[in-house]
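Here the structure comes first, spelled out in structure tokens, and everything after it is commentary.
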Amino acid sequence: MVRVTDEVRRLRRRFQERGEESQIWDAVLLARHTSRPYTLDYVGGLFSDFYELHGDRAFADDPAIVAGIGTYHGRPVVCVGNQKGRDTVEERIRRNFGMARPEGYRKAIRAFELADRLGFPVLTFVDTPGAYPGVGAEERGQAGMIASSILAMARLEVPVIATVIGEGGSGGALALAVGDRVLMQENAIYSVISPEGCASILWKDAAQARKAAYAFRPTAASCLDLGVIDAVVAEPSGGAHKDHERAIRLVDVAISAALDEVLALAPRDRRLARRAKFRRMGVWGTAEPDTTASGLAAER
Amino acid sequence: MAEISVNIQRDGDDPRPTTARKDPNTCPTCRSHYRADELVALLRVCRQCGHHFVVGARERIAQLCDPGSFVEHAADLRSADPLAFIDLKAYADRLTDAELATGLGDAITVGVGTIGGSPTALAVMDFGFLGGSMGSVVGEKLAVASDLAVARGVPLIAVAASGGARMQENILALMQMAKTVMAIDQLRDARLPFISVCTHPTTGGVIASFAALGDVTLAEPDALMSFAGPRVVQDTTKERLPDDFGRSHANLRLGHVDAVVPRSELAATLARLLRLFAGSIPEPVVPAPPRAAPPSLGQRLASLFRRGASRG
């Protein structure tokens, strides 16, 4: 026999879950919306002047990452961001859909080191499905360059404000997101792998992406809960693509506030505080002490 | 017919034949079969074809460290399940099963020991524990290993064996890449060397974080070391992959590792590197006593002096 109240409760919970699943999937779609403001839109809106740097001084220029020197509220800053192509297929291909190669990260490192030397704050904008998984990219050291970019950001003594403005996909995103403050737009996503990638590995079916997204919650709210980001930046109603100018102003206010906080710290303290902040990240528990150690001793 | 062909077909993510039996004591490339104790004595290297079997963390520690010298730290850390993650199976159940199957708390074991008489901090991953995937506990324990190295003024050796970040911890797993890179940065601040050993496989978030940052990076023969797995690269780019895509000898040719070291030479190579990094410490005649007491202030000062002197 089914008790009606239990059944109602069960259905209500399922509806709620379905609702939440839809909400999360909406964020995935909005984060990828092709009319969403991209890094160069923020560069145009936030900086009174910007000079773009090109090339990694070793192999090539990677148009999937832009880097340059800008003037932000009268202050010189270095800006680095993932850049997706817009409008034409050619432009999207030229930007490689925002998927950087090792050259892109090498260019980013070059810009980070410049900022540190001259004492300019670093602003980064994260918007990539992930680093490019190509044979050439692998051969030229994709993994090592991502690690080096993370290390370069970790070592900076200047303020670093990272903002996730669209897709924060995997190590390719983290390579530009090691900030004293990490901001994330309301409808941006940030995850260890794309929902499709997660679905194809764990569900053996990329079509289960919606389910995967619900299970691993790549949303700003979840990242804030887990202590991975410091603040969620509101978007115009309906999403950032509905009103670029307003979206840019909201990001401006958030970056300004974060920058003021971080500028108050001494340079060396900034670096150590950043390290301490990332050291705290993670959730774990403890078993009864030294069960494993005694197991190891017993084995010998 | 394909089933009776002895020629090994390489395909996709794993070059080992897909028709291979799951018997862990049978060589997947040449089908030589071993007794369990025989394989342990061979360091899990096939005597016929040289295939390097996967080695668990405890066995690896036993292969590398002077007998009785290893002292484990942070053994009681266990993964939590912050997302209450369920795919085809609940993450909590996967964790329990992995602990029962391997007897390990998580995919990494850290501690201090001696190799060829030289003290070192050691972090060894275990591919048998959820594919060696890196979640919060792996990140924290690697950071603990770095703390141990700094506190004792000794180098850190990390033996990686991992498919990458642990998807069930999603964004927290991704953050462990930054956390472990910063653990290596802490060693750099302390002017201590970091030796990275990449074994099959070292891919994804592990090769794109601490494992790529070795002052010396060694790899085992035929270990896969790539950011993206061969299948992902194939599917995304439709490019034809080189036969040795991402393998350790290709990485050596491309300049990403210092040497490909057969397992039989690994302990001796690490011992030699530790001696080189320590400067003029002579090779000890007697093995170090088991569970050596932490160095006294005098010893630590002496070792600082030696390192200072060797840097000139």
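The values are calculated or read from the model by the stated rules, or taken from the named source; none is laboratory data. Everything numeric in this text was worked out from a predicted model, so none of it was measured. Heads up, the Cβs are rebuilt from the backbone with ideal geometry, glycines too, and the neighbour counts pull from every protein chain shown. Please note that ligands, DNA and RNA were not included when accessible areas were found on the heavy atoms of the full protein model with its side chains. Shrake-Rupley method; radii C 1.70, N 1.55, O 1.52, S 1.80 Å.
Could you tell me whether any residue of segment B:196-204 is in a loop (DSSP other than H, G, I, E, B), on the phi < 0 side of the Ramachandran plot and not hydroxyl-bearing (Ser, Thr, Tyr)? No, that holds for no residue. Filtered by the rule that a residue be more than 8 Å from chain B (Cβ to nearest Cβ), modelled with pLDDT of 95 or more and under 22 Å from B:Ser79 (Cα atoms), segment A:249-300 gives A:Ala276, A:Lys277, A:Arg280.
Report the residue count in segment A:136-179 for those that are farther than 17 Å from A:Val192 by Cβ and without any contact (Cβ under 8 Å) to a residue 24 or more places away in the chain. Adding up the residues that qualify gives 3.
The numbered conditions (1) at negative phi; (2) away from chain B (no Cβ under 13 Å); (3) touching a Lys or Arg at 6+ places or on another chain (Cβ under 6 Å) are all true for A:Ala137 except (2). For segment A:13-55, the set of residues classified as of a type in the set (Lys, Arg) and either under 16 Å from A:Ser237 (Cα atoms) or touching an Asp or Glu at 6+ places or on another chain (Cβ under 8 Å) (or both) consists of A:Arg32, A:Arg36, listed by residue number. Taking segment A:140-238 as the region of interest, the helices (runs of 4 or more DSSP H) fully inside it that hold 1 or more residues being at positive phi and open to solvent by 10 Å² or more (accessible area, probe 1.4 Å) are A:170-174. Here A:Phe15 fulfils each of the conditions (1) part of a helix (DSSP H, G or I); (2) of a type in the set (Phe, Trp, Tyr); (3) within 27 Å of A:Gly171 (Cα to Cα) apart from (3).
The test for being within 21 Å of the chain's Cα centre (by Cα) and among the charged types (D, E, K, R) holds for A:Arg86.
Residues that are among the basic types (Lys, Arg), within 29 Å of A:Val253 (Cβ to Cβ) and modelled with pLDDT of 95 or more: does segment A:29-40 have at least one? Looking through segment A:29-40, at least one residue is among the basic types (Lys, Arg), within 29 Å of A:Val253 (Cβ to Cβ) and modelled with pLDDT of 95 or more. Yes or no: B:Phe70 within 14 Å of chain A (Cβ to nearest Cβ), more than 25 Å from B:Thr269 (Cβ to Cβ) and not hydroxyl-bearing (Ser, Thr, Tyr)? Answer is no for this residue. If you go through segment B:49-67 and pick out every residue that is facing chain A (nearest Cβ under 10 Å), in contact with a strand residue (DSSP E or B) (Cβ under 9 Å, 6 or more places away or on another chain) and open to solvent by 20 Å² or more (accessible area, probe 1.4 Å), you end up with 1. If you go through segment B:205-224 and keep only what is more than 8 Å from chain A (Cβ to nearest Cβ), assigned to a loop (DSSP other than H, G, I, E, B) and under 14 Å from the mean Cα position of the chain (by Cα), you end up with B:Gly214, B:Glu220, B:Pro221, B:Ala223.
Here B:Glu99 fits the description: touching a Phe, Trp or Tyr at 6+ places or on another chain (Cβ under 9 Å) and not hydrophobic (A, V, I, L, M, F, W, C). Given the condition small (Gly, Ala, Ser) and without any contact (Cβ under 8 Å) to a residue 12 or more places away in the chain, answer yes or no: does some residue in segment B:155-176 qualify? There is no residue in segment B:155-176 that is small (Gly, Ala, Ser) and without any contact (Cβ under 8 Å) to a residue 12 or more places away in the chain. When restricted to residues that are more than 8 Å from every other protein chain (Cβ to nearest Cβ), part of a loop (DSSP other than H, G, I, E, B) and exposed (fewer than 15 other Cβ atoms within 10 Å of the Cβ), segment B:225-243 contains 3. In segment B:173-203, the residue that is nearest to the other protein chains (Cβ to nearest Cβ) out of those that are small (Gly, Ala, Ser) and closer than 30 Å to B:Arg275 by Cβ is B:Ala183. Scanning segment B:154-191 for residues that are open to solvent by 10 Å² or more (accessible area, probe 1.4 Å) and farther than 14 Å from B:Met134 by Cβ returns B:Val154, B:Pro155, B:Gln186, B:Arg188, B:Asp189, B:Ala190, B:Arg191.
For segment A:73-102, residues that are part of a helix (DSSP H, G or I) and open to solvent by less than 10 Å² (accessible area, probe 1.4 Å) total 2.
Tell me which residues, restricted to segment A:196-234, are out of contact with any Leu (no Cβ under 7 Å at 6 or more places or on another chain) and among the acidic types (Asp, Glu). Correct list: A:Glu196, A:Asp205, A:Asp225.
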